[in-house]
Structures are given as structure tokens and as C-alpha cells.
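Working notes, beginning with the structure itself.
The numbers here are math on the coordinates, done by the rules we state, and not lab data. Remember, predicted model here, so these are calculated numbers, not experimental data. In this analysis, Cβ positions are derived from the backbone assuming ideal geometry, glycine residues included, and neighbour counts consider all displayed protein chains.
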Amino acid sequence: MNSLRTSQYNLRRREQRARESLDERFQRRSARNAADRLRRARARSDQQMANRVNSQAETNVSEHDCGMMTEICNFCQALYWRNELNSSNKYTKCCHDGKVRLPNLAETPDLLKEFLTNNSLEARNYQNHIREYNAALAFASMVAEVKSPPANGPYCFRIHGHIYHRIAPLYSNERFKPGYGQLYIFDASEANSRRLENNPSCLSSVMEKLDALLRTINPYAKSYLQMHQLIQSNPTVNVKMIFMEHLDLDMRRYNAPTSRTEVAAIFVGDDGEPPANRDICIYPIGEGCKNISPLNQCNDPMVYPLLFPRGEQGWSNEMEHVEERRSAKRNRVTQLQFYAYRLSVRSGFSLLHSSGKLFQQYVVDAYVKTEGSRLNYIRLNQKDLRVEFYRGLLDALTTRASNNNLRVGKLVILPSSFQGSPRSMQQNYQDAMAMVRKFGRPDLFVTFTCNPSWPEILNAMQGRERPENRPDIVVRV
Ligand SMILES: [Zn+2]
């Protein structure tokens, strides 16, 4: 109907114009041009007015400031900014509302505190090469492909692909140079000269002091030495050292354990149960390094002796929630909860947070371990995740493979509840589009960047800490 009317109107107008004289045409056109000019002028003045209002509004905006970290969790004394309250007015990121309670890390040895807070030549060398020092003194190594981001900028620990944690047997042979825990059975000066060979940028004086410190307070160093002494006194018997999954191990099940420090059991003879999958077992002689489970609670202190100099244990699946606050169904401390507790900021000097580049490495390692455990769960629980619903997908895949003469491997489906998986991304995108359909197109597209010299970030730095080494603070601000 409308289109009919429009076409009739157009027809009439065309006929009118065909009839009008030159004069009439001139008058019509000048009236139209005058109206156009007026409209443009009005639009310009509206825009100028809007600009004036905007510029006034921008000068009136006060800078947002989170203030200082003054709020404290009632359960674990973690520090918070006021704006970090969740929707139920609680701070829960540290200890999950009091469910998680871990033993405090032991007091930092004076030597390490000095190295991290002073400005002397030794201290600066230690801070710059803390990852080399740690690797030289560690009992197990973290193997990963380190890929620093391109271009200049502050140090950033970035890895690509898998992480492995590896451990060496007690004695080296012709093919493998001594390293890691093996060096603690040498006398100090020889061990140090070997360590400096591999790490030329480290200072000999610093290395000596660290070695002496670990030999006195680190239980792993003591265990290695003890095993060595035992083998020297009885060269014919079979000896192995096991770093156990949990400390309340019933020792009677094993054959004649001759010694046990806080963390390790040294077994003589081949009787007794073989070590479980996740135990870390060290034999006197072996073929090079072997992988150890990232789930063993000794993994963290063995890889990071400079963060846990007294051998403080890492996460173990035996850890339980605090009795009075646990729920009936879920009562184990998860890996994520463990690391959230450890990474929370509390008052006082923290060896972990002050350790700069090594702290970055620890955070990356913790993230990879946690994500690895989640992926493992998905791999082992495909039945519960109702994978049979994806039959059609599997059929399509098999057909395509057989057309191309390929064999399909085992299918593992990553559910959309796994953050960052393609299906999770797809779901988020669909949700966003559904909102657009309901409420119309968005007015603003907001991107957010962070400046490391924001006062909140700088106020949270202690001593010689730098924002680039405190990703935990930067993301929170
Ligand atoms: Zn707390």
C-alpha cells in the first residue's frame, strides 16, 4: 500500500517538474539549498555544544583510587582492597571463607632476606640471577621451553608447551655430569666450583653462602647426605630413598627402615612395597634423569629450594578443609585453593612474593600444574561428562578419517565449562550475541589497559619489589 502511494507521489512530482518554468525551477532549488544550509549550521552548533559539555565533564571526573590494602580476612589475615568484596560482602579468594588453613611458611632465613632487600653487589647479583641460583641449588629441575615475549621490556617468564619436573639418581656416571641433589654429597668447595661452571654469571661468594645455608637447614640436603653415608658404610646392600606422598606413613609395613628425616625414608633391601606412582624414588645409580609427578607434595620444595629453604611441603591431595567449616560433600583442599592461599598477600616479609623472577616462575609452574590436573580429570571422567551425547560428532570424525585413510585416536571432549576451551569461547560469544538481540547494539566497546606506575600498585610493593614481578597485585588492581 505504502509503496503504491510513494510511486504515485513520485509520478505526480515528476509531472509537476516537467511543467515548471526555468524561473520556478530556480526558486525551488534556492529554497532547498537555503534549508540545507540552515540544517547543517544547526548540526554544527549542536556538535560544538556537545563537545563543550564533554570537555567540561572530563575535567570534572576525579581519578579513581583503590586506596591502600587495609582490609583483612578474619580467618587467614590476608590483605585486601575494600573494592574486592564479593557479592555476599565477603573476602573469599584467600582461604575460601575459612575452609582452607595451611601451616605458615617458616621464618625467612636472615641471609635470604638480606639478599632480597639490600642493594650491595652480592644482593643485586642474587636478585638478577635468582633463577640460576635456584636451578644450581635445586634437587629437581623444572624443564620447559622458555619463550620470552618479543621486543624490549621488563623480564617476563613465559613458557611454551609442557613442563616436566626431573630428578637425577644419587651418583652420576660417565655419561651424565653430576648435578642437582647429587652435589650435596660433595664437599662444599667442589660442589660450588661445579655449580659455577654451569652458571658463569653467579658470584662464587653468594653461591658458597647459599650452599652453607641449605646444608644446615634443608631436610632434602640432609637426606641426600644420609643416603650417601649409608651406602659408603654398607656398599653391598640395596638402598633407595623415597619422598613419600604423606607423612603419616605406617613405617611397620616396610623392611627395616634405617633412618628417616622429616621428609624422606631411606629403605635398605628390596623387600617392602614398591613405591607408588606418585612417590619420588631416588636410587643410587640410574640411567640419567627421570620425570617425577607434579602431584607429589615434595615437588615444590625440591624444585624451589630458595623459596622453601626449610623444605615446606607443597600441595597434596590428602589435605582437608578445616573441620568446623567444611561442607559434607567437598572436604579436600584443591590445588587451586592451595595456591590461592599461598599467593595471598599477608603482612610482614614474604620470601615467596619478594623473590622476583623466581616468583614469576613459581606462579607459572603452579598454574600449569593446576590446569594439568583439571585436564586430567576431564580425560578420566569422560563418562560423567555425558560424552555419549556427542555420538554424532564422533561418527562424522570417523567417516572423515576413513575417507582419508587415517585412524582416529581416543577422543577426549573438552566441555564448555573448561575456561578458555574453544567451546567455552563459543558459548560466551553466543551469550553476548543473545544480549545484543534483546537489548540492541552496544554503545561502548571498552578496552582496559593497566599502567604499572598506578599508585595502588606502587603502594603495594615492598622493599625492592617491582610491578613486573608481582603479577598477582597487577591483576587485582
Ligand atoms: Zn582468608
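What the table shows:
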quantity: For the chain: span of alpha carbons on each principal axis (Å, largest first); calculated: 124, 64, 52
quantity: Separation of alpha-carbon centers, region 402-477 and region 84-120, rounded to whole Å; calculated: 25 Å
quantity: Simple label model, 7 Å out from Cα along Cβ direction - residue 147 to residue 122, nm; calculated: 4.0 nm
quantity: Ranked 349, 308, criterion: other C-beta atoms within 10 Å, fewest first; calculated: 349, 308
quantity: Folded to 0 to 90 degrees: helix 357-380 orientation relative to the chain principal axis, Cα; calculated: 80 degrees
quantity: Amide N of region 411-428 lying under 12 Å from the label point, which is placed 7 angstrom from the Cα of residue 401 along Cα→Cβ; calculated: 411-412
quantity: Pairwise label distance in nanometres, residue 186 with residue 429, each label 7 Å out on the Cα-Cβ vector; calculated: 5.5 nm
quantity: Simple spin-label estimate for residue 90 and residue 346 in nanometres, 7 Å along Cα-Cβ; calculated: 1.9 nm
quantity: Which listed pairs, of 240/290; 177/240; 222/357, have C-alpha distances above 19 Å, in listed order; calculated: 177/240; 222/357
quantity: Per residue, the convex hull volume that the Cα atoms of region 339-473 enclose (Å³); calculated: 217 Å³
